[in-house]
Structures are given as C-alpha cells and as structure tokens.
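One structure is given here, and the rest of the page talks about it.
The values are calculated or read from the model by the stated rules, or taken from the named source; none is laboratory data. Quick caveat: nothing in here was measured; it's all calculated off a predicted structure. Cβ placement follows ideal geometry from the backbone for every residue including glycine, while neighbour counts extend to all protein chains displayed. Heads up: the accessible areas ignore ligands, DNA and RNA and are worked out on the full protein's heavy atoms, side chains in. Shrake-Rupley method; radii C 1.70, N 1.55, O 1.52, S 1.80 Å.
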Amino acid sequence: MAELPRILVVDDSRVVRISLIQHLKGQYEVREEGDGEAAWQTLVLDHSIRAVISDLQMPKLNGYELLERVRTSKLRRLQQLPFILVSGEETEEERAKAKAMGVSDFVTKGAGCTEVLTRLNNLLVLTDAQEHLDAGREQMVQDPVSGLFTRKYLELQAAQAMSHANRHGVEVSVMVLGFDGFAGMGERLGVQVAEEVGNRFARMLAGKMRQEDSLGHFGAGQFAVVSPGTAPAFCATFAERVREAVEVARLSVQGQTVALTVSIGLASVPTDLVTSAGALLDLAGERMHAAMRAGGNRTESGGVTPASRPISIHHALELLAANRLSPVIPHLPSLAERLLPLMSLMNRELGLSLPVAEIERLLSERKSQKN
C-alpha cells in the first residue's frame, strides 16, 4: 500500500489543529506543531513533508516569518513547497503582503472539509506537474549518468553561438570525437566498462576546455564540443592535441591495459556553408566517420590546417615513449634550444662534456639559413 502524502499543520490552538487533521485524515498523513519555530525545525529535518498549512498569529515565529524563512531558504525543496495560510480577519493589505512573500493559497478559518481538500489537492497536483517538467528539462540538458550535456542541448548551444557569431562577425567551431572500434571495446570489456572508459575520457577532455565551451554526448562512444568564437585552425590544433594525448595514454581497466585512439571531425561557420546548428554538428559527425573509415586515429577538418604551435618537452617524451617519432622531428630545433640551459647545468654539476656551444652554433646557423 502506497504511503499517504505527509502534511504539516501549524497552529498554536490544539482545537484548530484537531479540526484540520479531521478534514485531512484518510487522504493525508498529518504532522502537527504548535509554533512557527518548531515548524521550521521540522521542515528542515523532515524531507517527506509535501505541504504546510499554517496559522498567521503564533508565538516564537508567526505565519509571515515562517513563510519568509521557507521561501528564502537555501533548500530548493522548501523554496517550492506549497504553503497555505489559514486566514481569519486579515485585511487585503495583509493578504497582499503574504502573496508577495510567496504564499501558495489561503484557507478561511472554519472552512469545510471539501474546501480544504480541494485547495490542497490542487496545489499538490500543480507541484507534481512542475517537478515532472523540471525533471524533463534536466534530462534534456544533462545525461543522468555522466552529467554531460545531451546532444539536443548541444544543438541549442550551437544555435545560440551561431546567432551571436552572425551578429558580431566571429567564428564558431565544433568538433565531434569518437573512439575507434568502440563497439568492439564493448564486446571485449562489457558495455558498462566501455561506458566508464568514455566517461573518464570525457572528464579528461573537460579539463582541457575553456569555460565557454560546451561538452556533451553525440553518440555511443562519441562526444561533441561546441566552441564559440574559435577559429577553425585553432580548433584543429586543439583536436590534434586531444588525439595525440589519447594515443599515448595507457588506461588500466579491470587489471588490463587498454590502448585507445580517437577519430575527430571538425566543422565551423562561416567556413562551412551550413545554415543550422544541427547541420553543423552533423557535418562534424560525418567528417569523424570519414576519419574512421580512413583508418582511424586522425582528424578530418575539411582542409583546415592546424595553427602552428611549439610542442612541449613533456609531450615530445610521451610521443617518443609511444614510438611515434614523426610528430616530434619538425620540432627538434625548438626542443634543442629549450634544452640548452639544462645541458649547461648538467655539464657544470655532473662534470659532463656535452657540446653545448657547438649545438648552439649549429642551431644559430640553421636559423640564419631559414631567414
């Protein structure tokens, strides 16, 4: 048998409380308090209370003061809690004050059973409808398991960014990332483990993004990032950084090391001639699938070249450890220049004879020839 909804009745008159309880008995479980302060403590501690019926004139904390505490509480459930005041000879001004403070309804003292139940039932129906609406909105915005944005919400974010870009002449870029062979990963490790791998990747990705970027789900083992105000070349640079970071990472799952790669598709406006946010995301998704079909572990940008950037020594060492020499070779002169102070220190402190001066001379000549 389902539990009855719990209602809190607050009145310093036991006779009034008994009368209200008689009206509610059978349809509601009733908890009663004799003053506003005790009622407040009960509301904070008892999460099962669905509504309050309170007198105005009470000791310690009157009805107005109790109402004010409830509506200004940091607890969301109290801010939205149905609150009915039992009115007697209050003036219109006092009623207006209660409405301004957020009272849900009034019940006249001595009102019959039908009136009390009707008003309370209507309020709880409205509250339930609002809670379902809020839950629906949250599901549209966030995935309940990962906490990431849903694809539908990403489309709304992209549409808003495109509208702003149109007015101010700036760019919007999106990238869609997918694990290569995600279905096979699910078969080998189990669907739950594969999803956890995806969620861990998403947390890593979120830590590398700007605050104004939006990260969400695109499909199974696939994620999308909406980047307002980002030029395609810089988005391509970021995509390559993410792809390389995943390639050299070694993830431990259930005691075994898992090697992962991602394929990435990029799209942007106004570079790509699309007219809607959905089309922009779909184009990036199509390019991701094209990268997968071409062998995976690559970025398909529609011809956009990544903006040049120096590679860090740490990342160069990661690539070398993964036996990936080709991405490091173009950056060797820059890396050598940054290592010269370290080599000088090693000569001095460790008594080595590294040819620092000779390396410095050769790098200088190389630079002069290029200029």
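For the reader, a short list of remarks on this structure follows.
Conditions (1) of a type in the set (Gly, Ala, Ser); (2) open to solvent by less than 50 Å² (accessible area, probe 1.4 Å); (3) under 17 Å from the mean Cα position of the chain (by Cα), marked per residue:
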position	(1), (2), (3)
Glu155	no, no, yes
Val174	no, yes, no
Gly186	yes, yes, no
Phe201	no, yes, yes
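- Counting residues in the range 251-262 that are within 20 Å of His315 (Cα to Cα) and in contact with an Asp or Glu (Cβ under 7 Å, 6 or more places away or on another chain) gives one or more.
- In the range 2-55, the residues that are hydrophobic (A, V, I, L, M, F, W, C), open to solvent by 60 Å² or more (accessible area, probe 1.4 Å) and over 19 Å from Lys74 (Cβ atoms): Ala2, Leu4, Val15, Ile18
- The single condition among (1) surrounded by fewer than 20 Cβ atoms within 10 Å (Cβ to Cβ); (2) in contact (Cβ under 8 Å) with a residue 24 or more places away in the chain; (3) not aromatic (Phe, Trp, Tyr) that Gln192 does not meet is (2).
- The single condition from (1) touching a residue at least 60 places away in the same chain (Cβ under 8 Å); (2) among the charged types (D, E, K, R); (3) out of contact with any helix residue (DSSP H, G or I) (no Cβ under 7 Å at 6 or more places or on another chain) that Glu171 fails is (3).
- Here Ala233 clears all of (1) open to solvent by 40 Å² or more (accessible area, probe 1.4 Å); (2) hydrophobic (A, V, I, L, M, F, W, C); (3) under 22 Å from Leu205 (Cβ atoms); (4) in contact (Cβ under 8 Å) with a residue 12 or more places away in the chain except the condition numbered (1).
- The range 107-150 - residue that is modelled with pLDDT of 60 or more, in a helix (DSSP H, G or I) and among the aliphatic types (A, V, I, L, M) and, of those, farthest from Tyr28 (Cα to Cα): Ala129
- Restricting the range 56-69 to residues that are within 24 Å of Glu115 (Cα to Cα) and open to solvent by less than 50 Å² (accessible area, probe 1.4 Å) leaves a set whose member that is nearest to the chain's Cα centre (by Cα) is Leu67.
- Those residues of the range 151-173 which are modelled with pLDDT under 85 and small (Gly, Ala, Ser), in sequence order: Ala165, Gly169
- So Leu362, is it surrounded by 12 or more Cβ atoms within 10 Å (Cβ to Cβ), without any contact (Cβ under 8 Å) to a residue 24 or more places away in the chain and over 21 Å from Ala245 (Cβ atoms): yes
- Output for the range 70-95, where each listed residue is more than 23 Å from Val125 (Cβ to Cβ), open to solvent by 80 Å² or more (accessible area, probe 1.4 Å), modelled with pLDDT under 85 and not acidic (Asp, Glu): Lys74
- Residue in the range 256-266 that is free of Cβ contacts under 8 Å to residues at least 12 places away in the same chain and assigned to a helix (DSSP H, G or I) present: no
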